[in-house]
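Coordinate-derived values only; no laboratory data. Note that the coordinates shown come from a computational prediction; the quantities given were computed from them, not determined experimentally. A quick note on method: Cβ atoms are made from the backbone with ideal geometry, for glycine too, and the neighbour counts reach across all protein chains shown.
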Amino acid sequence: MTRHALDLTINGESHQLMIEPHWSLLHVLRGELGMTGTKENCLEAECGVCTVLLDGKAVNSCILLAEQCRGRSIVTIEGLGDPEHLHPLQAAFIKHGAVQCGYCIPGMIMTAKSFLDERRGHVPSEAEVREALSGTLCRCTGYQKIVDAVIAAARQRNSWPEEARRS
Amino acid sequence: MSSLERRVAGKRLNRIDGIGKVTGKHVYAADFALPGMLFGKILRSGEAHARIARLDVAKALALPGVRSVLTAQDIPQIRFGTAIKDRTMFAEGEVRFRGEAIAAVAATSLEIAEAAVRTIEIEYEPLPAVFDPEEALLTGAPLVHAGWNDYQALPVFDREGNISGRSAIGGGDVEAGFARSYRVYEHRFTTQHVHPGYTEPRAAVASWDGNGDVIVWTNTQLPFDMKNMLAEVLDLPASKIRVIVPGIGGGFGGKLRVGVEHYAAWLARKSRRPVRVITTSEEELTDAYPRQPTVVTLKTGVSRDGLLLARQGRVILDCGAFANSGPATAAIALQVLAGPYRTPHLAFEGLAVYTNKGATGSFRAPAGPMANFAVESQIDLIADDLGIDPLEIRLRNIYREGDTGPAGETLASVSIEECLTKAAAAIGWSERKPGEGRGKGLACSWWLTTGGSSGVYVRINPDGTVTLISGAVELGSGAITGAAQILAEELGVDLTDINVTDVDTHSSPYDYGAQGSRTAFSVGNACIAAATDLRRQIFELVATQWNVPAASLRLENKSVVGGDKRMSLADVASLSQRMGGGLISHGTSIQPMPVFDPNRVKHHPLPAWTSHSFHAHAVDLSVDSITGEVSINRYVVAQDVGYAINPTYIEGQIEGGVAQGIGQTLSEEIVYEDGRVLNANLTDYKMPTMMDMPRVECILIEKPSVNGPYGAKGVGEPPCIEPPAAIANAIAVASGVRVQSLPITAEKIALRMNGGR
């Protein structure tokens, strides 16, 4: 199939790609760029492990065409924090024991970031967190410690570093 | 020694692999890729039982980008299997379930491989099929394996026709017991296929090296078992197989056995290129290792005051087209049926039965939820009939310290009374029906800590860090963090000083594998052994240097101390590198088998349980009087963990296990119709989401085991055992409807509330 040029902005960096028009963003991230922090499972937007941010909003990268991301800003888990400078959500997930096998966690954290950024300054209730994150399946944790981690991170938003507070 | 006196063990410390996992840097098998790698795809049967009349792969081979196509004609058809060698890599002449592999393609892209598979031409001649395990037992039923008698099998199993394994456990005289009973109850319960639901699909990348060894990167729970299975299927010595496990995204018993690895290895051999094979959700729900459906019948005789006098029961377990762990699972069901109750006269039988459906496996606590659903539902039915409180009837019958178990073994560290009373108190048992449409239920059980041996190598490095090399995989439970906490405790270092390597069967010591709630237990014990030997090495080396007796030395604050002298562990490790080849030890562990009475068990691969745990669950729920929808208000688990190595991750095991149990109870089922899966996608296979889960309140009870590290017992599997029965019992109180088949969907409840059946 004929490939065409596409520039994508991922985690603030520009990537010049040659893609086939039907490729998903997930395929481009994992297959073309080797950015495997974004995970792959059901490929039909049911499990949520492939969630990334598109212009700050959580999207399932498995059903999003890469072409649809032209001129927009993509943030993946690799762009959130690194081992020396964890994003407060990442730190909270570790502290609260919210991570087990970890395969759903990048998607879960990206969804949580989008949710908290949307309602800046608001500390969500448990029910609000459960509704907002219900699109990502986790089979290990029973979700409880994930809910606790998200609420704890939201409570401390005022003390987040400036970089993390930006969406 | 209580946890208060320990520095590292017993503490809520962060897991050692957490940072890699939250930053996306942890590499899972599904993330692993090699340069020049091809993509494999499998052609699967569209018939449940048929002869393959014609198979033509010419068009697939001709497709640009296709590098190899394999069918049964191209490779030696070697039969393999856990209990019975009844399966081949590709259906040979005959397919036995809809979804069985017939051919495989490797191509330069997954899309080309998929397109190639679609061009393969196949014609079937249908054969009579059997889908219901009870029908499969009837005389004249179609045989799933006409040649069953020629298969190799473990000698312990008793097989015949569609029965892939029959086992029994019991003693006394049940007929005499029933004759003396005040009342005798007979009930029947059924359970469904449930998928383990790991979020990372099964994935493998295979590559052949210059020595003719095949390296397989895979997310298996049992790398050493995988090595042996691959050696069989590839017809090579096991030393030519190297299995490496990068990260693994959940397993729950569904990643124990060969799944995609053999296809990757054979396609790579044929293509002379690395090949990756990864499953789709559809493949997961049609050809994986889900929990077996069961039919359980129980006949129970009791005295007027509710004492169990005689129990007879039968578990029919539908293992699908291949036996895999079915015969062992049917056998383990018998201990779950027996315990945790004293019964003088006992006769249980388990049958694993072939049908023309997908194979099944060892999903977390194999047989646990199915058998417990039957026993604990029936106990409530009996309690209600006799007018005895369900908690009280349990307390009258439970095992006590020193009792005799189902196989005649002596039971130690029995904590079931404490589990029951604490769970009941926490849920507010005195008010069992707090309002209209609301009710509370209880269930309890016991479970084993699986044995098998573990080896670890532990090395102290010249920078003072410690490397733990284990053959056990970190599934996600935190078990390896737990083992590392024990190691840190024993060596007097911090958890953050310990590094753990990936499992590589060419270099890691043997481990029986991440299964059976054994990892923290067995690897923890091996770590204690390794640390003991390292302390000896350290003290002997320093004693020579300082010219003092080794017995006068001790470890303190990451240093060896003797009199007024002190040497850091880092310096001891450096010294050892210069003079003694470095500080390294090999620690091993094996759990002793208990003494049991062989006359009480027949054809049973696990006749007596070791380091058993006890647990009780209590739930408070509401049932919508119109829709039948169940909402869980509170859920309490009291579990005896022996010793809580890291309470945070133990709670994580309990919360996650309950979530799986709630899924099995209320919503999950792989639905078959005439051998076809109707819901092979994650939209229609309904696992609990964050909105479906209540908070789970955990009560950790620590009654030490004799064999576990610091008294620990196996933790991981038990939490998914009791939810079906506890919830069914609460639904009966809340709605007056007793459902004896899983899943207990809102539809089933609503229909029954409105007088249907």
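Using a Förster radius of 51 Å, what is the FRET efficiency between B:Asp158 and A:Ile63 based on their Cβ-Cβ separation? Nearest 0.05, please.
0.50
Using r as the Cβ-Cβ distance of B:Glu556 and B:His506, and R0 as 51 Å, what FRET efficiency do you calculate, to the nearest 0.05?
After rounding, the FRET efficiency stands at 0.85.
Return the single residue from A:Met18, A:Met110, A:Met35 with maximal mean-square fluctuation; model: Gaussian network over chain A, springs between Cα atoms under 10 Å.
A:Met18
Kindly write out, for the stretch B:85-92 in residue order, the coupling ³J(HN,Hα) from the Karplus curve 6.51 cos²θ - 1.76 cosθ + 1.60 (θ = phi - 60°), rounded to whole Hz, with x marking Gly and Pro.
Coupling constants for the stretch B:85-92: 7, 10, 10, 10, 5, 10, 4, 10 Hz.
From the phi of every residue in the stretch B:21-30, what ³J(HN,Hα) in whole Hz does the Karplus formula 6.51 cos²θ - 1.76 cosθ + 1.60 yield, where θ is phi - 60° and glycine or proline is x?
6, 7, 9, x, 8, 5, 8, 9, 4, 5
Could you compute the longest span of chain B free of GluC sites (Glu not before Pro) located in DSSP loops and having at most 16 other Cβ atoms within 10 Å, not counting the site residues?
Here the longest run is B:93-400.
When the Cα centres of the stretch A:81-114 and the stretch B:534-592 are compared, how far apart do they sit, in Å?
The distance from the Cα centre of the stretch A:81-114 to that of the stretch B:534-592 comes to 39 Å.
Which three semi-axes in whole Å describe the equivalent ellipsoid of the stretch B:496-547, each the square root of 5 times a Cα gyration tensor eigenvalue, listed largest first?
Semi-axes (√(5λ), whole Å): 29, 13, 10.
Tell me, what HN-Hα J-couplings in whole Hz come from the Karplus equation 6.51 cos²θ - 1.76 cosθ + 1.60 at θ = phi - 60° for each residue of the stretch B:633-645, using x for Gly and Pro?
7, 8, 9, 10, 10, 10, 10, 7, 9, x, 8, 8, 5
Using the Cα centre of chain A as origin and beta-carbon charges of +1 (Lys, Arg) and -1 (Asp, Glu), tell me which of A:Phe93, A:Ser14, A:Leu137 is placed farthest towards the positive end of the dipole.
Of the listed residues, the answer is A:Phe93.
Within the stretch B:128-143, list the residues whose amide N lies under 15 Å from a label point set 7 Å along Cα→Cβ of B:Thr190.
Output list for this probe position: B:131-137.
For the protein assembly as shown, with only Lys/Arg (+1) and Asp/Glu (-1) charged at the beta-carbon, what is the dipole magnitude about the Cα centre, in debye rounded to 20?
That gives a dipole near 880 debye.
Run the helix sum for the protein assembly as shown: -39,500 (n - 2.57) per DSSP H stretch of 4+ residues, divided by residue count, reported at 222 nm to the nearest 500 deg cm²/dmol.
So the helix-based figure for the protein assembly as shown works out to -8000 deg cm²/dmol.
Between the stretch B:308-363 and the stretch A:25-78, what is the C-alpha centre distance in whole Å?
Taking the Cα centre of each part, the stretch B:308-363 and the stretch A:25-78 sit 44 Å apart.
Where the centre of each part is set by its Cα atoms, how far does the stretch B:649-663 sit from the stretch B:188-260, in angstrom?
25 Å
Please give the net charge around B:Leu127, taking every other residue with its beta carbon less than 10 angstrom from that of B:Leu127, where Lys and Arg add +1 and Asp and Glu add -1.
-1
Using the Kyte-Doolittle scale, find the helices of chain B whose mean hydropathy is at least -1.0 and whose Cα atoms extend 24 Å or more along the helix's long axis, counting only whole DSSP H runs.
Counting only whole DSSP H runs, the qualifying helices are B:368-386, B:519-546, B:647-666.
Quick one: of B:Lys299/B:Lys433; B:Lys21/B:Lys748; B:Lys41/B:Lys602; B:Lys433/B:Lys602; B:Lys11/B:Lys240, which pairs are farther than 32 Å apart, Cα to Cα?
B:Lys21/B:Lys748; B:Lys41/B:Lys602; B:Lys433/B:Lys602; B:Lys11/B:Lys240
Between A:His4 and B:Asp56, how many nm apart are label points set 7 Å from Cα along the C-beta direction?
Distance between label points: 3.9 nm.
Could you give the Stokes-Einstein D for the protein assembly as shown in µm² per second, using the C-alpha Kirkwood radius, 10 °C, 1.306 mPa s?
Estimated diffusion coefficient is 55 µm²/s.
Between the DSSP loop rule and a limit of at most 15 other Cβ atoms within 10 Å, which chymotrypsin sites (Phe, Trp or Tyr not before Pro) in the stretch B:135-182 are left?
Answer in residue order: B:Tyr182.
Would you mind checking which residues have amide H under 5 Å from B:Val500's amide H? H placed 1.01 Å from N; only 5 or more apart, or other chain.
B:Leu468
Say a paramagnetic label sat at a point 7 Å from the Cα of B:Thr410, along Cα to Cβ; which residues of the stretch B:694-730 have their backbone N under 17 Å from it?
Once the point is set 7 Å along Cα→Cβ of B:Thr410, B:705-707 turn out to lie under 17 Å by backbone N, inside the stretch B:694-730.
What's the exposure ranking of B:Ser622, B:Ser507, going from fewest to most Cβ atoms within 10 Å?
Going from least to most buried by this count: B:Ser507, B:Ser622.
For each of B:Thr23, B:Thr218, count neighbouring Cβ atoms within 10 Å of the residue's Cβ, then give the residues from fewest to most.
With the fewest neighbours first, B:Thr23, B:Thr218 line up as B:Thr23, B:Thr218.
At 10 °C and 1.306 mPa s, what whole-number value in µm²/s does Stokes-Einstein give for the translational diffusion of the stretch A:88-165, with Rh from the Kirkwood sum over Cα pairs?
For the chosen part, D equals 129 µm²/s.
Work out the FRET efficiency for B:Asn599 and B:Asp403 from their Cβ-Cβ distance, taking R0 = 22 Å, and round it to the nearest 0.05.
0.75
For B:Lys21, B:Lys227, what ranking results if the residue with the fewest other Cβ atoms within 10 Å of its Cβ goes first?
B:Lys227, B:Lys21
In nanometres, what is the gap between the two model label sites at B:Ser625 and A:Asn11, each 7 Å from Cα along Cα-to-Cβ?
5.7 nm
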